Amino acid sequence: MPQLSTRHLLGIKDLTQNDIQLILETATQFKDVINRPIKKVPSLRDITIANVFFENSTRTRLSFELAEKRLSADVVNFSASGSSVKKGETLLDTVNNILAMKVDMIVMRHSSPGAPHYLSSRIPANVVNAGDGTHEHPTQALLDSFSMREKLGDLAGKRIAIIGDITHSRVALSNIFCLQKQGADVMVCGPTTLIPKHMASLGVRVSHDVREALQWCDVANVLRIQLERQQIKYFPSLREYSLYFGISRQMLDELDRPIVLMHPGPINRGVELTSDAADSPHSIILDQVENGVAVRMAVLYLLAQER
């Protein structure tokens, strides 16, 4: 059976084209499983997985937990808000205490970029990065690619526009790496203040005109304005952002061809997307949520084979 080239999923940057292909093909099989009347398989019944979340999460945490239970793994949930971290315990001590309870795999979200990488070099368990600061969010990029492939087939030569808060987004970086490894053409679009100056050096197009981006692309992946990460004001007001970079159903209907609309959630309705755009036939936002479970099942299953 084909195997991943790595023991951990720390970022898309570390994956090969073959790794990405293997994960997406395995996810296709697991999507069939989760649409059956009996949605569980015994693949990980001897594996214990700890979900260690140092940041708030709804979709990602639920999606991982559901994926683990669909694979029959034993699941332990850890939340920093009610833990000894508040008493000053270090990250490594926290995780080593969890591992002492014979945990095989750690799924971790942390506000510090590189935290999963730090951990993976110091513990024997497999580590899955569920988002580290503004760095990477590999499973989101994989599920986004899976969702695009369902709609468009092979992504080689397809045009993907990532629109919104690029500076504070870990989703943007992971998506850029993942799409480029599949041969897609990528554009980032947003206000000048929300696009890092190094973006062009990654081989992506840069635009500050949302209508130009929509006219160019096959898929618009719209990102949330992350006010909680912004220490200073990057634009005058949400109303002004919406006026210049918000996407409405009318804008989508006026394009000369249909495009696919995506969003990793949670949506700020009326800011980056109007409700009639988010709920339109262009949108595959709920498909992304469903596909997230299948993709995370594939990642956990394939990493467990490395044990």
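The strands (runs of 3 or more DSSP E) found entirely in the stretch 103-206 that carry 1 or more residues being in the same structural domain as N221 (by TED's automatic domain parsing) and at pLDDT 95 or above are 159-163, 185-189.
So is T28 among the hydroxyl-bearing types (S, T, Y) and either in a helix (DSSP H, G or I) or out of contact with any Leu (no Cβ under 8 Å at 6 or more places or on another chain) (or both) or not? Against the criterion (among the hydroxyl-bearing types (S, T, Y) and either in a helix (DSSP H, G or I) or out of contact with any Leu (no Cβ under 8 Å at 6 or more places or on another chain) (or both)), T28 qualifies. Residue count for the stretch 263-273 satisfying the condition of being within 18 Å of A161 (Cα to Cα) and more than 17 Å from the chain's Cα centre (by Cα): 3. Considering the stretch 227-247, and only residues there that are crowded, with 17+ Cβ neighbours inside 10 Å and of a type outside the set (A, V, I, L, M, F, W, C), the residue that is modelled with the highest pLDDT turns out to be G246.
Taken as a whole, the structure places S79 among residues that are surrounded by fewer than 18 Cβ atoms within 10 Å (Cβ to Cβ), of a type in the set (G, A, S) and more than 24 Å from D154 (Cβ to Cβ). Answer yes or no: is there a residue in the stretch 48-61 that is in the same structural domain as A100 (by TED's automatic domain parsing), assigned to a helix (DSSP H, G or I) and not basic (K, R). Scanning the stretch 48-61, I find at least one residue that is in the same structural domain as A100 (by TED's automatic domain parsing), assigned to a helix (DSSP H, G or I) and not basic (K, R), so the answer is yes. Checking each residue in the stretch 1-18 for being of a type outside the set (A, V, I, L, M, F, W, C) and outside any helix (DSSP H, G or I) picks out P2, Q3, S5, T6, R7, H8, G11, T16. Could you go through the stretch 24-33 and let me know if any residue there is surrounded by 14 or more Cβ atoms within 10 Å (Cβ to Cβ), among the acidic types (D, E) and either in the same structural domain as D93 (by TED's automatic domain parsing) or touching a Phe, Trp or Tyr at 6+ places or on another chain (Cβ under 9 Å) (or both). The answer is no, given that none of the residues of the stretch 24-33 is surrounded by 14 or more Cβ atoms within 10 Å (Cβ to Cβ), among the acidic types (D, E) and either in the same structural domain as D93 (by TED's automatic domain parsing) or touching a Phe, Trp or Tyr at 6+ places or on another chain (Cβ under 9 Å) (or both). Pairs are defined by a Cβ separation below 9 Å, a sequence spacing of at least 6 or placement on different chains, a first member in the stretch 245-257 that is in the same structural domain as Q215 (by TED's automatic domain parsing), and a second member that is among the β-branched types (V, I, T) and in a helix (DSSP H, G or I); the pairs so defined are F245/V210; G246/V210; I247/V210; M251/V210. Among the residues of the stretch 65-83, some residue qualifies, meaning at least one is in a helix (DSSP H, G or I) and without any contact (Cβ under 8 Å) to a residue 12 or more places away in the chain. Once the stretch 173-195 is narrowed to residues that are within 23 Å of G11 (Cα to Cα) and out of contact with any strand residue (DSSP E or B) (no Cβ under 9 Å at 6 or more places or on another chain), the residue that is surrounded by the fewest Cβ atoms within 10 Å (Cβ to Cβ) is G183. Screening T139, T134 for residues that are within 14 Å of the chain's Cα centre (by Cα) and buried (at least 24 other Cβ atoms within 10 Å of the Cβ) leaves exactly one candidate, T139. Residues in the stretch 43-69 that are surrounded by 22 or more Cβ atoms within 10 Å (Cβ to Cβ) and over 20 Å from the mean Cα position of the chain (by Cα): L44 alone.
The values are calculated or read from the model by the stated rules, or taken from the named source; none is laboratory data. Note that the structure is a prediction, hence the values are computed from the model and not measured. Methodologically, a virtual Cβ is constructed for each residue, glycine included, from the backbone with ideal geometry; neighbour enumeration extends over all protein chains shown.
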